[in-house]
Amino acid sequence: MSVLSTPSPTTPLALKAGECWRVPALDRPWRLRRGVLRSLAADGSDAVGTGLLLPGDLVGFEALLKPPQACTALAWRDCELHAVQAGTPSDWLAESLAQQLRRQQQLMSWRHGPVPKRVEALLAVLCPEGGADPELLPTLREMALVLDTTFESVSRALGQLRRRQHRPLRTRWAPVRAERLPFGAALRAA
């Protein structure tokens, strides 16, 4: 388990795919500049995934609530985050609310229809540049949680896409861990 000291608001934070970061209850949120994060319950448990965070999204707005809350973020891709320097807490909360509504609509659209179409839509967000490097994809279980299906269905859909598009679509194998973290995650606490 890797531990990260509290980053300076002027220093970018880098997370590798598969790492978890316990976002501290600081006085400002962070903005995701590159990568994809999955926000989780504050204790890092996989049971309550609170959504996906994409480039441009705010991370850690929970710190602005009364009382301040911590959150945990799992990097699905290599990520770079910067502390937000401008704005007020009310600006950040308003932006966070709009962001959450957009992500909820997106997640709900991924939970209906044929699984191969849902997997394709998720891959379009995870790999907008095309090819899917297996080190850059989440595990089957993680994708199944987001898509509200089974990991077997995700595996079949990836197999169909692989055959149809002749693309190397594999996911990382991640063993079960004793901690209550998502599969394949390494924890970085601030």
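The values are calculated or read from the model by the stated rules, or taken from the named source; none is laboratory data. Since the structure is predicted, the reported quantities are computational estimates derived from the model, not experimental observations. Positions of Cβ are backbone-derived with ideal geometry, glycine not excepted, and every protein chain shown enters the neighbour counts. Note: accessible area is taken over every heavy atom of the protein model, side chains too, but ligands, DNA and RNA are not part of it. Shrake-Rupley method; radii C 1.70, N 1.55, O 1.52, S 1.80 Å.
Every residue, every condition in (1) in contact with a strand residue (DSSP E or B) (Cβ under 7 Å, 6 or more places away or on another chain); (2) assigned to a strand (DSSP E or B), yes or no:
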residue	(1), (2)
62	yes, no
72	yes, yes
91	no, no
95	yes, no
107	yes, no
125	no, no
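Please go through (1) touching a Cys at 6+ places or on another chain (Cβ under 6 Å); (2) open to solvent by 10 Å² or more (accessible area, probe 1.4 Å) for residue 100 and return the number of the only condition it doesn't satisfy. Only one criterion in (1) touching a Cys at 6+ places or on another chain (Cβ under 6 Å); (2) open to solvent by 10 Å² or more (accessible area, probe 1.4 Å) is unmet by residue 100, namely (1). Output the qualifying pairs, or none if there are none: Cβ atoms under 9 angstrom, residues six or more apart or on different chains, first residue in the stretch 108-126 and of a type in the set (S, T, N, Q), second residue modelled with pLDDT under 90 and open to solvent by less than 70 Å² (accessible area, probe 1.4 Å). If the second residue must be modelled with pLDDT under 90 and open to solvent by less than 70 Å² (accessible area, probe 1.4 Å), the pairs left are 109/121.
Give just the number: which of (1) closer than 23 Å to residue 110 by Cα; (2) modelled with pLDDT of 85 or more does residue 83 not satisfy? Going through (1) closer than 23 Å to residue 110 by Cα; (2) modelled with pLDDT of 85 or more one by one, residue 83 breaks only (1). Scoring residue 99 on the criteria (1) modelled with pLDDT under 85; (2) closer than 21 Å to residue 35 by Cβ leaves a single failure, condition (1).
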